[in-house]
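The values are calculated or read from the model by the stated rules, or taken from the named source; none is laboratory data. None of the values given here were measured: they were computed from a predicted structure. Cβ: placed from backbone, ideal geometry, glycine included. Neighbour counts: every protein chain shown. Just the protein is used for accessible areas: all its heavy atoms, side chains included, with ligands, DNA and RNA removed. Shrake-Rupley method; radii C 1.70, N 1.55, O 1.52, S 1.80 Å.
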2 protein chains.
Amino acid sequence: MTDFEVTAEPGVPQVQTARTFDAPLDLVYRAFTEPDLLVQWLGPHGYTMTIDRYDVHDGGTYRYTHTDDKGNAWAFHGVFHGDPSTDGMVQTFEFEGAPGHVSMDTVTFDEQDGRTTVRTNSVFQSVEDRDAMVTSGMETGMREGYERLEELLVRELKARHD
Amino acid sequence: MTDFEVTAEPGVPQVQTARTFDAPLDLVYRAFTEPDLLVQWLGPHGYTMTIDRYDVHDGGTYRYTHTDDKGNAWAFHGVFHGDPSTDGMVQTFEFEGAPGHVSMDTVTFDEQDGRTTVRTNSVFQSVEDRDAMVTSGMETGMREGYERLEELLVRELKARHD
């Protein structure tokens, strides 16, 4: 178990996170870019994710929905800037419950001694937008999603060695 | 002649601008979204703009180059988030001379008494990126581009009434 670090300074429209996983970079990167893996971990515990589209290339768009066990649904969409690589993926992000409020996320991947650190950098159109996202449970959602990702990576690594 | 306002607070990865033009919203919006008009004004005085692509729709990509009279060239590319409208256009932006550094720009248009105010909101991945963009002459480039836009709007309005 490693720490999930979140940096969100007062008055700055930005959130940065870092988390290290006990898995090689190529597998972690696949979990962020391949829909059949992404759908298994993104989002809080107990939610079901449905991916309408996830076209990981320059100008590709994505849209997905998280649904809880009562049937409440939260949909998100955005577009990829540039062709993502292990050096980083850049994408816009809009929660359809707050249309017109868009952020831009950058994810980078670094491997050291077989472990991979994932860093995210999200910038928002305003501090108010950033604060609303943090208040809405962004940190809990990401923390729980990463816990699910850790479980997925363990399963995938076990399958590799079986 | 109206003022060009720029807000770039210390320690915040953001730049906001505002400029009012003596022209109706529909014409100003066309000048931002139609390549044959955009090419006539975007960029500083004395530069030639070449547009490789400018696909103004969700997931559409753009790329253009500014060339000075000595043949020096600066190329930029990005992607549109969502279908732009007069309520706003959102796009990513990357100067190819500094690959991997991406910002997200939001442009909104408001008309009052036949005059249109254009507001831009640019957020950067870091304060360092923001400072580098400001230091590189962003304000002068935008100010001169808007002077050229003002001239273009006068020409277009004259043509409408001839």
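Near residue B:12, within a Cβ-to-Cβ distance under 13 Å, what is the net charge of the other residues, with Lys and Arg +1 and Asp and Glu -1? Numbers along the way, then the final one.
Values: positive: A:130, B:130; negative: A:9, B:9, B:128, B:129, B:131.
Charge balance in the 13 Å sphere: -3.
Count charges around residue A:51 for me, please; just the other residues with Cβ under 12 Å from its Cβ, Lys/Arg as +1, Asp/Glu as -1.
-2
Taking a spot 7 Å from the Cα of residue A:86 along the direction of its beta carbon, which residues of the range A:28-68 have an amide N less than 18 Å from it?
A:28-34
Put +1 on the Cβ of each Lys and Arg and -1 on the Cβ of each Asp and Glu in the protein assembly as shown; which of B:120, A:159, B:32 then has its Cα farthest toward the positive end of the dipole?
In the protein assembly as shown, that residue is A:159.
Under a 10 Å cutoff between Cα atoms, tell me which one of A:102, A:118, A:12 has the largest fluctuation in the Gaussian network model of chain A.
Per the Cα network of chain A with a 10 Å cutoff, A:12 tops the list.
Starting from the residue with the highest accessible area, list A:158, A:70 in decreasing order, probe 1.4 Å.
A:70, A:158
Can you work out the Karplus-derived ³J(HN,Hα) for every residue in the range B:52-60? Use 6.51 cos²θ - 1.76 cosθ + 1.60 with θ = phi - 60°, whole Hz, and x for glycine or proline.
6, 7, 7, 9, 7, 7, 3, x, x
Tell me the volume per residue, in Å³, of the convex hull enclosing the alpha carbons of chain A. Don't jump to the answer; show the numbers that get you there.
Numbers: hull volume 18.9 nm³, N = 162.
In chain A, the Cα hull volume divided by residue count equals 117 Å³.
Quick one: how many Å² of residue A:113 are accessible to a 1.4 Å probe, rounded to 10?
150 Å²
If you find the alpha carbon centre of the range B:1-52 and of the range A:1-67, how far apart are they in angstrom?
34 Å
Would you mind telling me which residue in B:53, B:143, B:19 has the biggest mean-square fluctuation in a Gaussian network model of chain B, where springs connect alpha carbons within a distance under 10 angstrom?
Taking springs between Cα atoms under 10 Å, the residue moving most is B:53.
Please work out the FRET efficiency for the pair residue A:74 and residue B:69, using the Cβ-Cβ distance as r and a Förster radius of 41 Å; give the result to the nearest 0.05.
0.20
Net charge near residue A:86, counting Lys/Arg +1 and Asp/Glu -1 over other residues with Cβ under 15 Å of its Cβ?
Residues near residue A:86 contribute -3 overall.
What is the mean number of Cβ atoms from other protein chains located within 10 Å of the Cβ atom of each residue in peptide A:74-85, rounded to a whole number? Display every interim value, and only then the final one.
Working: counts 0, 0, 0, 3, 6, 12, 3, 12, 9, 0, 0, 0.
The per-residue average across the peptide is 4.
To one decimal in nm, how far is residue A:126 from the same spot in the other copies, if labels go 7 Å from Cα toward Cβ? Please give the shortest first.
Distances to the matching label points in the other copies: 2.8 nm.
Find the centroid of the Cα atoms in the range A:100-136 and in the range A:78-98, then give the distance between the two in whole Å.
Between the Cα centre of the range A:100-136 and that of the range A:78-98, the gap is 10 Å.
Relative to 2.2 N^0.38 Å, what does the C-alpha radius of gyration of the protein assembly as shown come to as a ratio? Two decimals please.
Working: Rg = 21.5 Å, N = 324, 2.2 N^0.38 = 19.8 Å.
Compactness ratio reported: 1.09.
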